[in-house]
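**Student:** This is the structure, below, for whatever I ask next.
Since every read-out is calculated from the coordinates, none of them should be taken as a lab result. What you see is a predicted model, and the numbers here were worked out from it, not measured in a lab. Ideal geometry is used to build each Cβ from the backbone, glycine not excepted, and the neighbour counts take in all protein chains shown.
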Amino acid sequence: MTQLNKEKINKILIIKLRGIGDVVLSTIVIDNLRRDFPNARIDYLVEKPSEPGLLGLKEINQVLLFERNDFWKKVSLILQIRKAKYDLIFDFFTNPSTALITFLSGANYKVGYPYRGRKYAYNLYGPEERGRYHSAQLHLETLKLLGLNSSFTSLHYSISSSALIMADKYFKENFSENDFVVGICPTGGWESKKCDPEKFAEISNALIKKYNAKIFIIWGKSDEEDAHKIHSLLEEKSFIAPETSIQELAALISRCKILIANDSGPMHIASAVGTPVLGLFGPTNPYMHGPYGNRNEWIRLDELECIECNLLVCPRKHECFRDLPVEKVLHKVESLISKNNIVIPVHG
């Protein structure tokens with residue numbers, strides 16, 4: 001069996017494709033790798049939407065891009081990786097394409113998961129069990145199996161100075177320093193993962209009534225309609241963000257006191273930038289994909305027989321969100337306030 005020799009590792013490549021949230025969760029390895037390999041070069045291979053959150057991280061040397069639908073760019077990428085002569089590659093995605101890239105990389109140490117049809121590509125493996133660990137924890141368990149440090153648990157997402165300036169300007173113009181600003185984010189990769197605007201509005205009204213919260217709706221390009229519907233349902237009792245880049249969206253999230261979000265990239269970005277987040281779950285598994293870290297909470301309607309269906313489109317009436325009791329959501333918000341020592345201004 002291959003044994004990892006730390007002294008022979010000077011160049012490391014981390015591979016993590018697909019969603020922004022998935023990449024954010026993988027950044028849990030960065031501080032640990034820096035502990036074991038303080039002088040090594042560490043590069044990342046991701047898809048374009050995930051690039052901005054990595055570019056400014058001082059721990060990362062270079063971000064490579066995977067072009068899913070361009071054969072010749074894939075060939076060029078493999079040649080680029082071979083030329084770089086990485087000593088250690090972590091393929092945290094382990095699909096057929098990334099397995100092939102890793103196999104052809106020329107690296108001495110090739111780490112992946114022992115999935116059927118892909119084991120050929122690796123000489124070191126992460127855990128065999130699927131569905132046993134939270135997605136972030138799975139990365140740490142992989143490091144443990146290799147005898148590497150796994151004590152650091154922070155996630156990372158880089159926000160540019162220009163995005164922070166934009167967010168600070170917006171907050172200065174619209175909120176006072178002590179306002180209890182609650183971010184509401186209707187973003188979701190699947191239609192079934194997206195909480196209905198009516199429920200978001202119901203939750204928001206309860207927060208306004210109980211805490212005099214300032215509701216701030218943060219949205220991505222695919223969620224503009226839902227965002228404006230929530231804003232309309234609240235009858236001008238909310239603020240709605242302007243159209244933003246992903247960096248600006250992250251900056252706005254970082255300025256909120258808490259964020260309430262679907263299972264989505266912004267939910268994980270909130271964890272990474274230090275904003276306590278409440279994740280709303282229906283068709284997906286919060287034990288595997290919930291917001292990572294003790295500062296956060298998640299909620300779902302466990303008693304529903306179809307909960308965690310993993311269907312992209314709900315064939316029923318979206319009861320997992322429509323029937324979610326607002327009182328239970330408020331209880332989770334209270335927990336966020338308490339565990340994060342958030343001060344709520346007294347209001348008459």
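**Student:** Taking the Cα centroid of region 170-188 and of region 13-90, what is the distance between the two, rounded to the nearest whole Å?
**Tutor:** The distance from the Cα centre of region 170-188 to that of region 13-90 comes to 32 Å.
**Student:** Once fully extended, how much extra length lies between S338 and E224, figured as 0.36 nm per residue of separation less the alpha-carbon to alpha-carbon distance?
**Tutor:** Length gained, S338 through E224: 37.8 nm.
**Student:** Mind listing the Cα extents of the chain along all three principal axes, in Å, largest one first?
**Tutor:** 66, 45, 38
**Student:** Right, here's the next one. For region 146-214, evaluate the Debye formula with one uniform point scatterer on each Cα (no solvent term) and list log10 I(q)/I(0) at q = 0.17, 0.21 Å⁻¹, rounded to two decimals.
**Tutor:** These q points yield log10 I(q)/I(0) values of -0.94, -1.04.
**Student:** Taking 0.36 nm per residue of separation and subtracting the Cα-Cα distance, what length does fully extending Q62 through K74 add?
**Tutor:** 2.6 nm
**Student:** Another question about this same structure. For region 71-160, what is one quarter of the convex hull surface built on the Cα atoms, given in nm²?
**Tutor:** 7.5 nm²
**Student:** Are any of the pairs K11/K144; K83/K221; K83/K119; K16/K194; K8/K83; K58/K214 more than 29 Å apart by Cα-Cα distance, and if so, which?
**Tutor:** Over 29 Å Cα-Cα: K83/K221; K58/K214.
**Student:** Next question, about the same structure. Beyond 18 Å, what share of the Cα-Cα pairs of region 254-348 remains, rounded to the nearest whole percent?
**Tutor:** Considering region 254-348, 47 percent of its Cα-Cα pairs are separated by more than 18 Å.
**Student:** Given the peptides 266-279, 26-39, arrange them by the average over their residues of other C-beta atoms within 10 Å, most packed first.
**Tutor:** With the highest mean Cβ count within 10 Å placed first, the list reads 266-279, 26-39.
**Student:** Now, a different point. How many angstrom lie between the C-alpha centres of region 267-300 and region 307-346?
**Tutor:** Computed from Cα coordinates, the inter-centre distance equals 11 Å.
**Student:** Find, to one decimal place in angstroms, the Kirkwood hydrodynamic radius of region 161-339, where the mean of 1/r is taken over every pair of different Cα atoms and then inverted.
**Tutor:** Hydrodynamic radius (Kirkwood, Cα only) of region 161-339 equals 16.1 Å.
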